[in-house]
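Here is the structure we will look at, set down as structure tokens.
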Amino acid sequence: MWDDCLIRYTLAYFINHQTPTIMFDIERWQEIFDTIRKNKLRTFLTGLSVASGIFILVILLGFGQGMRNGIEHEFKQDATTSIWAWPEITSKAYQGLNPGRVIQFKNTDYEMAGRMFKEDIEYESPRVFVRSVNINYGSESLVYGIRGVSPEFQFIEGFSTVEGRFINYKDEVSLGKVAVIGKKIKEDVFKDVESPIGEIIDISGIRFTIIGVFNEQNEREEEVIYIPISTAQRVFNGNDRLDTMSYTLPPAENFDEAVAQAVKFKDNLREYLKKEHKVAPDDESGVRVWSAMEEAKRYYGITNNMKLFFWFVGGCTIIAGVVGVSNIMLIVVKERTREIGIRKALGAKPWSIVGMILHESIFVTAISGFAGLIFSMALLEFVGPHVQIEYVKNPSVNFNVAFSTVMVLVVAGALAGLVPALRATRVQVIESLRDE
Amino acid sequence: MIEIKDLHKSYRMGSNSLHVLKGINFTAEEGELVAIMGSSGSGKSTLLNILGMLDLADSGEYTLDNVPIKDLSETKAAQYRNKFLGFIFQSFNLINYKSALENVALPLYYQKVGRKERQEKALNYLERVGLKEWATHLPSELSGGQKQRVAIARAMAAEPKVLLADEPTGALDSKTSYEVMDLIQKINDEGNTILVVTHEEDIAHMCKRIVHLKDGVIVEDKKIEQVRAQQYV
């Protein structure tokens, strides 16, 4: 008889005690505050376990976000919207031409593409590799790659000039004999002079003046000497040949739009270049176009998976917290068996016992949950921006996420506490009171 | 006040059935002071459980103050318990983190009496058991006799029809036992109906009637000349 009543009591409790009644039943609150005041240690320990659960969860989520931020940051160093095109050897016969034909980009390709896609492009630059040259600095022979580029190349690669300046438009038009070197070269070769700016290097008998030093995320990319493309083509017999064409696209509203924009531009550019060079439309080889954005999408995918993983770990932490709360409440009920028996003998109704236990536990979980939340959020707020670990940047947590976590914990704690609370109503009065 | 007719109760212990109460017939008028005696296993605890509405009989009738006690939901039982009955226990059963005053006020909380009125009433009852100046003390700061007097004040606070005392002197020395019995007698003098479960002869003889229970049946039920506890105090 008692057993089948339990569910009815529980329902009766929630029906009789809708929110307003719970909130404004001052007698009940006084009773609970009395209980808490007189059981400080127990309440403190319960609260501590909940607070540290929330604390761990929030810190974990914070670091998850930090790693995401970190990866995004590392990735942003290279302009993520850059698109590169380069020629290859064809693999299919087309319009009477044999496969295995070497495609060569020309200045006209670059100029035509620039005119056709003017609207879509933010920055553009061709590039040639200057081959078979000897580089000398004084009596020292240097082994570095030399590339001819346009001024906008620095934006496509995301260079920052640490000294002097990059190649400008005037250098390009006037076939300036100027060179920009990577920071690594400065450190390796020009360590004895105060600044490499103004120093002369000899490239196959032609004197170039160093005008700038650039900085790149990747050290290998710093072992390169850039000269104006016009100079490279004219002086080193490059004629109008180009090795690569590179572009960046203007920033898009959001990530998906940026990817769509990049894919569209990439397809159009390839279609145009294939047509120009009579490459079969279905030939995978011949003309290659690569979009950093599509690569970026993969990285974002990884951080998304990571976020998922952290949520999983966070979820487990919550479950652990809930089990902890439920465990403590079971102990509370056991510890208070006698008290519950006394209350029942004095006329406490079953739902008042359930209500008392649940009310107290929800109150304690909520308060300590918020304490843990505030403490961990404060920690992230003040320490977060100073975290200097690679791939972790500004760990932080969305307040709404953390807040709903606390809510979930409180609700789950209450649910977990329901079993002990119902068990409490089954306490047999005479047996529980008979012996010490 | 209390009327029991042909009360049966058995417990199932695995495959065995233990017949504890085998047809109890018992009546108590208002203002009676009855001692229920019997050795352990005689069924007196079970009887007290049923009288206290903490357990249900298998068959038989139970009427308390002309209210038939049957088919009770646990909530209804709790209501009746609060309204009709006051409990006094062997081990006092005060809530150890509540002061004497708060313990006495607890049944009034379950009667939904306001906090202020509760405190006044509780203090009044504490005064009647002579512990007004101990109101703010915790049970751990009280002697055994004092604790039982607080428990009696608590049982009285709800102004019940019947007081059920389960071995009220079982944990006390003789002198304190007599003090407690003196208090119970005085409460009875005011017209309260009291049932005392005990196995001590001298305590039983301080009541007005002794009911002997053996193996689930009443073997003896006699009125006696009450021994006043006052003379031993």
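The values are calculated or read from the model by the stated rules, or taken from the named source; none is laboratory data. Note that the structure is predicted; figures quoted are calculated from it, not measured. Heads up, the Cβs are rebuilt from the backbone with ideal geometry, glycines too, and the neighbour counts pull from every protein chain shown.
If you check A:GLY114, A:GLY148, A:GLY158 for being farther than 23 Å from A:LYS264 by Cα and either at pLDDT 90 or above or out of contact with any His (no Cβ under 7 Å at 6 or more places or on another chain) (or both), only one passes: A:GLY148. For segment B:155-182, filtering for residues that are away from chain A (no Cβ under 14 Å), under 13 Å from the mean Cα position of the chain (by Cα) and of a type in the set (D, E, K, R) leaves 0. Here A:GLU381 passes the criteria (1) away from chain B (no Cβ under 14 Å); (2) closer than 26 Å to B:VAL104 by Cα; (3) acidic (Asp, Glu) except the one numbered (2). Return a yes/no flag: does segment A:62-77 have any residue that is touching a residue at least 12 places away in the same chain (Cβ under 8 Å) and not in a helix (DSSP H, G or I). Within segment A:62-77, one or more residues are touching a residue at least 12 places away in the same chain (Cβ under 8 Å) and not in a helix (DSSP H, G or I).
A count restricted to segment A:398-422 and to residues that are within 14 Å of chain B (Cβ to nearest Cβ) and either modelled with pLDDT under 75 or within 25 Å of B:PHE92 (Cα to Cα) (or both) stands at 0. Residues in segment B:12-29 that are assigned to a strand (DSSP E or B) and more than 28 Å from B:ASP65 (Cβ to Cβ): B:ARG12, B:MET13, B:ASN16, B:SER17, B:LEU18, B:HIS19. So for segment B:24-37 (the condition being out of contact with any Asp or Glu (no Cβ under 8 Å at 6 or more places or on another chain) and within 8 Å of chain A (Cβ to nearest Cβ)), does at least one residue qualify? No, because not a single residue in segment B:24-37 is out of contact with any Asp or Glu (no Cβ under 8 Å at 6 or more places or on another chain) and within 8 Å of chain A (Cβ to nearest Cβ).
Taking first residues from segment A:253-271 that are under 13 Å from A:ILE83 (Cβ atoms) and partners that are in a helix (DSSP H, G or I), the Cβ contacts under 6 Å between residues at least 6 apart in sequence or on separate chains come to A:ALA258/A:MET293; A:VAL259/A:MET293; A:VAL259/A:LYS297; A:ALA262/A:MET293.
Here the helices (runs of 4 or more DSSP H) wholly within segment B:118-233 that include at least 2 residues being within 20 Å of B:ASN49 (Cβ to Cβ) are B:144-157.
Give the residues of segment B:78-107 that are within 9 Å of chain A (Cβ to nearest Cβ) and closer than 16 Å to B:LYS161 by Cβ, sorted by residue number. If the condition is that a residue be within 9 Å of chain A (Cβ to nearest Cβ) and closer than 16 Å to B:LYS161 by Cβ, then B:ALA78, B:GLN79, B:TYR80, B:ARG81, B:ASN82, B:LYS83, B:LEU85, B:GLY86, B:PHE87, B:PRO107 are the ones that fit.
The residues listed here are A:LEU422, A:LEU330, A:LEU380; of these, the one that is touching a residue at least 40 places away in the same chain (Cβ under 8 Å) and under 18 Å from A:LEU61 (Cα atoms) is A:LEU380.
Only one entry in A:SER432, A:SER376, A:SER396 is under 21 Å from the mean Cα position of the chain (by Cα), not in a loop (DSSP other than H, G, I, E, B) and not β-branched (Val, Ile, Thr), namely A:SER376.
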